[in-house]
Amino acid sequence: MKIISSIHALRAQLSGQNRIAFVPTMGNLHEGHLSLMRLARQHGDPVVASIFVNRLQFGPQEDFDTYPRSFEDDVEKLEKEGVYVLFAPHEREMYPQAQEYRIDPPHHLGDMLEGEFRPGFFKGVCTVVLKLFACVQPRVAVFGKKDYQQLMIIRQMCEQFALPVEIVPAQTVRAQDGLALSSRNSGLSEIERAQAPFLYQTLSALKDAIVAGRHDFSDLEKESMAALIAHGWQPDYLSVRRRCDLQPAHVGDASLVVVAAAKLGATRLIDNLEI
Ligand code: PAF
């Protein structure tokens with residue numbers, strides 16, 4: 001695997017490749033990321049991964065400085081997955097001057113759910129993803145469904161800018177006890193780790209209730225939030241939405257997803273379940 005940190009060298013290495021499958025990451029790779037690499041391999045060749053902790057998508061009070069970084073371990077894992085190029089730029093390479101041109105997703109997509117609790121998050125994500133696409137010039141790019149809203153927003157960005165990149169969604173990978181794999185799980189204490197599957201269990205119970213015929217979404221949301229609070233969580237949101245645009249679900253909507261974000265101690269976890 002070639003590890004490349006400059007945009008110029010990346011372009012030289014990838015020149016002439018027109019079937020690149022790209023997986024952007026912020027590192028601290030786990031089995032979930034590795035499943036994205038494997039899916040990428042089914043959709044293109046060569047596979048290019050990136051590791052870049054993107055300051056633009058962190059709020060001033062958020063965990064940019066303490067975001068888990070494990071570059072050497074990550075390199076070893078990517079080598080094993082047969083990744084051809086790892087693009088790992090320094091911040092001064094990606095943002096040599098202040099990044100003043102930015103992609104601002106529309107208010108109705110970018111400022112709800114995650115965007116409400118992490119103002120500017122999707123602006124930072126879209127800006128870096130567009131820039132990474134410009135550097136790598138992939139034909140396909142793989143994004144995990146765990147970040148459901150991110151996947152939807154990036155897909156719509158590609159459509160609206162007619163970017164020649166197909167966005168491939170990847171299923172969430174879970175631990176045996178149901179906890180969705182996430183880089184932030186490493187911030188959980190041993191006790192919190194044992195409690196963490198309760199988020200998935202709550203979403204599963206809500207899903208089961210809908211499948212069994214309940215359509216009082218707002219009551220179901222309140223009950224699920226109350227269950228989380230009773231178990232010591234601090235939920236930011238838990239909401240039944242339409243899959244296509246993540247707007248609130250109404251009775252009769254066909255494809256639904258329940259999305260949630262909640263803090264357990266100091267760690268903020270997100271998860272979702274398609275219904
Ligand atoms: O999902 C992530 O890890 C990040 O938001 C991404 C897409 C790599 C952009 O920094």
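Candidates VAL258, PRO138, ALA227 compared by Cα position along the dipole of the chain: farthest toward the positive end lies PRO138, with charges placed on Cβ. In this simple spin-label approximation, ALA230 and CYS244 carry label points 7 Å from Cα along the Cα→Cβ vector, and these lie 3.6 nm apart. For region 136-228, the Kirkwood estimate of hydrodynamic radius, built from reciprocal distances between every pair of different alpha carbons, is 15.9 Å.
Report summary: the helix-based calculation at 222 nm, which adds -39500 (n - 2.57) for every DSSP H run with n ≥ 4 and divides by the residues of the chain, gives -11000 deg cm²/dmol. Each residue of region 36-108 gets 155 Å³ once the volume of the Cα convex hull is shared out per residue.
The share of accessible area on the chain that comes from carbon and sulfur is 50 percent, using a 1.4 angstrom probe. Strictly greater than 36 Å: what percent of every Cα pair in the chain meets that? Every Cα pair in the chain considered, those over 36 Å come to 14 percent. Using C-alpha pairs below 8 Å separated by at least 6 residues, the relative contact order for region 109-171 is 36 percent.
Positive end of the dipole of the chain (Cβ unit charges, origin at the Cα centre): among TYR84, LEU203, PRO105, the Cα lying farthest that way belongs to TYR84. Quick check: Cα centre of region 162-223 to Cα centre of region 67-91, how many Å? So the two Cα centres are separated by 27 Å. Under 1.5 on a/c is rounded, so check that first for region 1-67, then, if it is not, pick prolate when a/b is larger than b/c and oblate when it is not; a ≥ b ≥ c are the square roots of the alpha carbon gyration tensor eigenvalues. Oblate, because a/c is 1.5 or more while a/b does not exceed b/c. Among DSSP beta bridges whose residues both lie in the chain, state the antiparallel percentage, nearest 5. If we restrict to bridges inside the chain, about 50 percent are antiparallel.
Mean projected area of the Cα convex hull of region 179-228, taken over all directions, amounts to 3.9 nm². Just so you know, the Rg over Rh for region 232-275 is 1.08, from Cα atoms, with Rh as the Kirkwood radius. Shown here for region 160-267: chymotrypsin sites (Phe, Trp or Tyr not before Pro) in loop regions (DSSP other than H, G, I, E, B) with at most 15 other Cβ atoms within 10 Å, namely PHE161.
Computed over region 9-159, the Cα gyration tensor eigenvalues convert (square root of 5λ each) into semi-axes of 24, 17, 16 Å, ordered from largest to smallest.
Dimensions of region 66-138 along the principal axes, based on C-alpha atoms and rounded to the nearest Å, stand at 41, 26, 26, largest first. Normalised per residue, the accessible area of the chain is 49 Å², obtained with a 1.4 Å probe and no contribution from ligands, DNA or RNA.
With a cut-off of 8 Å between alpha carbons and a minimum separation of six or more residues, what is the relative contact order of region 1-112 in percent? Relative contact order, region 1-112: 37 percent. The convex hull of the Cα atoms of region 169-275, projected and averaged over all directions, covers 6.8 nm².
Structural descriptor for the chain: relative contact order 18 percent, calculated from alpha carbon pairs under 8 angstrom and at least 6 residues apart.
The values are calculated or read from the model by the stated rules, or taken from the named source; none is laboratory data. Just so it is clear, the structure is predicted and the values come from calculations on it, not from any experiment. Reconstructed Cβ throughout: ideal geometry from the backbone, glycine too, with neighbour counts over all protein chains shown. The accessibility values were calculated without ligands, DNA or RNA, using every heavy atom of the protein model including side chains. Shrake-Rupley method; radii C 1.70, N 1.55, O 1.52, S 1.80 Å.
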